[in-house]
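Colleague: Let me begin by handing over the structure; questions about it come next.
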There are 4 protein chains.
Amino acid sequence: MIRGVTRAGLGEIGSNEAYIRHAAEFGFQSVDLNPLELTGEYGTAGAAELLAHHGVIIGSFGLEADWRGSEDAFREGLPRLVQMAEAAAALGCTSCGTYILPATDLPAAPFMIAATRRLRLCADILGAYGISLGLEFVGPHHLRTQWANPTLWTMQDTLDWIDAIHVPHVGLLLDSYHWHTNGLTTSDLLALRPDQITFVHINDAKPLPIGELLDSDRLYPGEGAIDLTGFLRSLKHIGYTGVVAQEVLAPASGESSLELLARSKAGFDKLFQEL
Amino acid sequence: MIRGVTRAGLGEIGSNEAYIRHAAEFGFQSVDLNPLELTGEYGTAGAAELLAHHGVIIGSFGLEADWRGSEDAFREGLPRLVQMAEAAAALGCTSCGTYILPATDLPAAPFMIAATRRLRLCADILGAYGISLGLEFVGPHHLRTQWANPTLWTMQDTLDWIDAIHVPHVGLLLDSYHWHTNGLTTSDLLALRPDQITFVHINDAKPLPIGELLDSDRLYPGEGAIDLTGFLRSLKHIGYTGVVAQEVLAPASGESSLELLARSKAGFDKLFQEL
Amino acid sequence: MIRGVTRAGLGEIGSNEAYIRHAAEFGFQSVDLNPLELTGEYGTAGAAELLAHHGVIIGSFGLEADWRGSEDAFREGLPRLVQMAEAAAALGCTSCGTYILPATDLPAAPFMIAATRRLRLCADILGAYGISLGLEFVGPHHLRTQWANPTLWTMQDTLDWIDAIHVPHVGLLLDSYHWHTNGLTTSDLLALRPDQITFVHINDAKPLPIGELLDSDRLYPGEGAIDLTGFLRSLKHIGYTGVVAQEVLAPASGESSLELLARSKAGFDKLFQEL
Amino acid sequence: MIRGVTRAGLGEIGSNEAYIRHAAEFGFQSVDLNPLELTGEYGTAGAAELLAHHGVIIGSFGLEADWRGSEDAFREGLPRLVQMAEAAAALGCTSCGTYILPATDLPAAPFMIAATRRLRLCADILGAYGISLGLEFVGPHHLRTQWANPTLWTMQDTLDWIDAIHVPHVGLLLDSYHWHTNGLTTSDLLALRPDQITFVHINDAKPLPIGELLDSDRLYPGEGAIDLTGFLRSLKHIGYTGVVAQEVLAPASGESSLELLARSKAGFDKLFQEL
């Protein structure tokens, strides 16, 4: 498995160049960033060169196309989606992700209808560039009632949705926090095939009942209550060989980016040592 | 447009043979019935002969595969679905229909996920036999709260769902009662293309506010408050040339089947004369 | 049916503005042109205004994405396809077309595999903007052996391909020349549903055996041997209400564009009078 | 990886019961057989019991639906396909396979069109029962010219076709003989993801130039010229954990089934020891 970071949990690390450089310095092999932004800054060749120079890949990028709102908003995002897929493919990135909010203020059934159609099209556009789309189920309980109508938040419902979207190259974006807050266990992971997982997020949780955990109050990997060793061992066992990227959504800690990277590295070192 | 009947509104008309014979006697050109039952009774050649002898086609048949419940129940219906499609195709029937309840006791989002996948497979199996699948939105307001979670009941949501199912040969099963209880007008029909409609049900409504109309208390075509002339003229105007089949869901009237057929014929005569 | 023109058969008519203006002057209600080029020249609002001022719509535009060659070439065309679909939708155009060469120098099976996948994606992107994709079978016999391996040229094979592509909003781009050179008759048209046709090209043929007719040696509608009255009557009969656009691929005639428009108008007047 | 056999290479081993019993006796964990035949003989519970008693699973079964010929023939096979999928699922079998002949007497493009549509439907029906469909490319050169028009025989073309079929749960049925006769190497296997392989056939080849190898003249695993150790090591390396089933298409050897099973076991023992 490949050690990765996202900007979430690294403070104000600055430019993409600084982000890539520092990630590499601390042993990370993958960064999540906007590939179109990077090719905009450096050109495609320059961006590829920058990544190669630091021995870092782009692990994944976020699906910007707005599949949750109006049809106009969705359409407006399609030209940029194609451009971003093109940029990502040119830089060797093969993963794009989006999260599923567990509730919506829109009526649930029409929301699912539109979302199914739109995510299929996004997946097919990405697929034309060899990029998989990962759907991230979101576990924290407080979000399930934050909007009027529940959608879905379980791994099984997400797998069922992937089957209903019914095109190749759609899988789970699996996040340890959502696994934990869903009350899932290692046996749920061991039941997966590796191709069902497009990307993995890792972060930790406070030692609270899972019903009380907040989405934006996460801990660094290895500093909390989640059985991350079991999580990673299970993924390794089923044959997952992709990126495991830290994504710590949490209030600012006051530490510098380099301090946070060192802390992240320590967590990864400990966890990966136990695999 | 082709004049059709279903058994709903004809009382206890008896065997399929009696049903077909009497429908023909009263000028109907199409009957809705179970094609597999008919070929079971008469053999394929005999069933075709019986229909041809009376100059009647099978307008449509109901999708028996249970797409609303458990996965096991759905799977169990697939062998019969294939056999029924085979029987229907052998008898020249090209339309199959199913209705969408406007609410469900299952969570709405997972329900829509499973339903989307299942209806797509049903449509593809039917499509292999040249049969279209019609989805019938259901308008009566009381049904929207009869189960815990709303699904959909509007024509537009149904069209969106058809697009999300995203295979050829899926369209609307359009029923005048549901059109009326949704508060739709002729302009909504005039905005359709004929290929978006796989089948049409016709029946009438009591002169009550649409919010008070009950699903199982319908009237015979031409005896109620629905603008059926506008309904049919609009369908004709957009080029719909398929079956318009009476489906009167109502308490038993006490009249004989022949009296009810005569009454139905009178309604159709009046309405079709005005086209 | 809507009278339309393409630039093929109008000589050097000049700018898009001149093309639109002159087409309107001669009673044509539709022009085929590149919507992205037009919005580039006039802005979206300006282009819409120009068309509205002359009472002309954009009938169809050509699919520029190169689905016949390398995967790289195909991908490179996708950003522009999305932009063109966006421009077309903003101008109210709902039809895009591409032709199928009856042979290829690539091995036929892998060619069909790639083409099926690519055309499906193009259709789905166009479909997100409410645009249908028309596939034009190409009849002239000399083209069937112009490249090493035959693909397809019949209407039935094209309909089968549309079914295999298996997404909504794909239909026939039907051209009278290809209908004629395939030896098809009005009964073949009468067997179609209108939704199976996304667009119609009209032009005429020299009074030669169909095996000798050249693709680039066509005549103006009404000046040749094709039974265009039967062709149009059949389309009208089945309920086709879309554009019928002249496309005369022929050597330069020496006449001015205005002379050619007058000649075209005369042909249309005669043919449409007989409907 | 799971050691499996098919009947090909075991002589006249007799009833399904004998086949299962003897396979188990010689250490094989999987047999390929017709699940519908087995449930027909023993009932579903009895068949499951028989397999469980011997510690043997059904590895895969053949797709009987005739996707290569007429539409009527294809349709006629669908009821049985659904029944077979049902029987297979009830017995825990998750793999079905079919081979692709490298040429056809039908025109290649229409053949691919029909085949793409039909295999998609078969895959979707199988998928409803949790069964994957494996497509087996066929390498021997002599078959490429045995019929008039080439289709495909390479692994890459097969992967492209799987992408064009474009539904989940379709993969490669990978056969060592076809890998060898295509001139493929271990690096071609190492480039695969395990989910791209639904099933593996193993058998060996005479020490002849690959262009001279006949499809029906294969050797037992480990007795010929194919680098089967490299083949299996590569599959293990990428994380393939499914069945590797012997399929020796060869003239009758004169040996008894038990002798052939012993010979097969010896080959497997040697090869699996080296992994």
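Colleague: Charges at C-beta only: +1 for Lys and Arg, -1 for Asp and Glu. How large is the resulting dipole of region D:2-273 about its Cα centre, in Debye rounded to 20? Please list the in-between numbers first.
Modeller: Working: 18 positive and 32 negative charges, 101 e Å.
Charge dipole of region D:2-273: 480 debye, to the nearest 20.
Colleague: Distances in nm, one decimal, shortest first, from C:L275 to the same residue in every other copy, taking the label point 7 angstrom along Cα→Cβ.
Modeller: Computed spacing set for this position: 2.2, 6.7, 6.8 nm.
Colleague: Tell me which GluC sites (Glu not before Pro) from region D:202-275 have a DSSP coil assignment and no more than 16 other beta carbons within 10 Å of their own.
Modeller: Details: sites: D:E212, D:E223, D:E247, D:E255, D:E259, D:E274; in loops: D:E223, D:E247, D:E255, D:E274.
Answer in residue order: D:E255, D:E274.
Colleague: Taking only complete DSSP H runs, can you tell me which helices of chain D stretch 24 Å or more along their own long axis by Cα positions and average at least -0.5 on the Kyte-Doolittle scale?
Modeller: On the way: long enough: D:71-90 (29 Å, -0.06); D:108-128 (30 Å, 0.89).
Qualifying helices, which must be both long enough and hydrophobic enough, are D:71-90, D:108-128.
Colleague: With +1 on each Lys and Arg Cβ and -1 on each Asp and Glu Cβ, how big is the dipole of the protein assembly as shown about its Cα centre, in debye rounded to the nearest 20?
Modeller: Computed about the Cα centre, the dipole is about 0 debye.
Colleague: Here's another thing I want to ask about it. Within 10 Å of each Cβ of A:76-89, how many other protein chain Cβ atoms are there on average? Walk me through the numbers on the way to the answer.
Modeller: Working: counts 1, 0, 8, 8, 2, 2, 8, 4, 0, 3, 4, 0, 0, 1.
That works out to 3 on average.
Colleague: Is the C-alpha gyration tensor of region C:76-192 telling us rounded, prolate or oblate? Criteria: a/c under 1.5 is rounded; beyond that, a/b larger than b/c is prolate, otherwise oblate.
Modeller: Numbers: a/c = 2.01, a/b = 1.35, b/c = 1.49.
It is oblate, given that a/c is not under 1.5 and a/b is not larger than b/c.
Colleague: Between copies, how far apart are the B:K236 label points? List them in nm, one decimal, shortest first, with each point 7 Å from Cα toward Cβ, please?
Modeller: 1.9, 7.6, 7.7
Colleague: Tell me, what is the FRET efficiency for C:A45 and A:W147 to the nearest 0.05, using R0 = 25 angstrom and their Cβ-Cβ distance as r?
Modeller: Details: r = 36 Å, r/R0 = 1.45.
The value I calculate is 0.10.
Colleague: Run the label-point distances for C:E49 please: 7 Å along Cα to Cβ, every other copy, nanometres, shortest first.
Modeller: Ordered by increasing distance: 4.6, 7.4, 8.4 nm.
Colleague: Can you pull out the GluC sites (Glu not before Pro) in region A:2-54 whose DSSP state is coil and whose Cβ has at most 14 other Cβ atoms within 10 Å? Could you put the intermediate results ahead of the total?
Modeller: Working: sites: A:E12, A:E17, A:E25, A:E37, A:E41, A:E49; in loops: A:E12.
Qualifying residues, ordered by number: A:E12.
Colleague: Using Cα centres only, tell me the gap between region B:99-172 and region D:182-207 in whole Å.
Modeller: Using only Cα atoms to place each centre, the spacing works out to 43 Å.
Colleague: Of the cross-linked pairs B:K236/C:K236; B:K236/C:K270; B:K236/C:K265, which ones have a Cα-Cα span greater than 24 Å in the structure shown?
Modeller: Details: B:K236/C:K236 15 Å; B:K236/C:K270 28 Å; B:K236/C:K265 31 Å.
Long pairs (Cα-Cα over 24 Å): B:K236/C:K270; B:K236/C:K265.
Colleague: Answer rounded, prolate or oblate for the protein assembly as shown, using the Cα gyration tensor with square roots of eigenvalues a ≥ b ≥ c: rounded when a/c is under 1.5, else prolate when a/b is larger than b/c, else oblate.
Modeller: Verdict is rounded for the protein assembly as shown.
Values in this text are rule-based calculations from the coordinates and carry no lab data. Computed from a predicted structure; not experimentally measured. Counting neighbours? That spans all protein chains shown, and the Cβs are built from the backbone with ideal geometry, glycine included.
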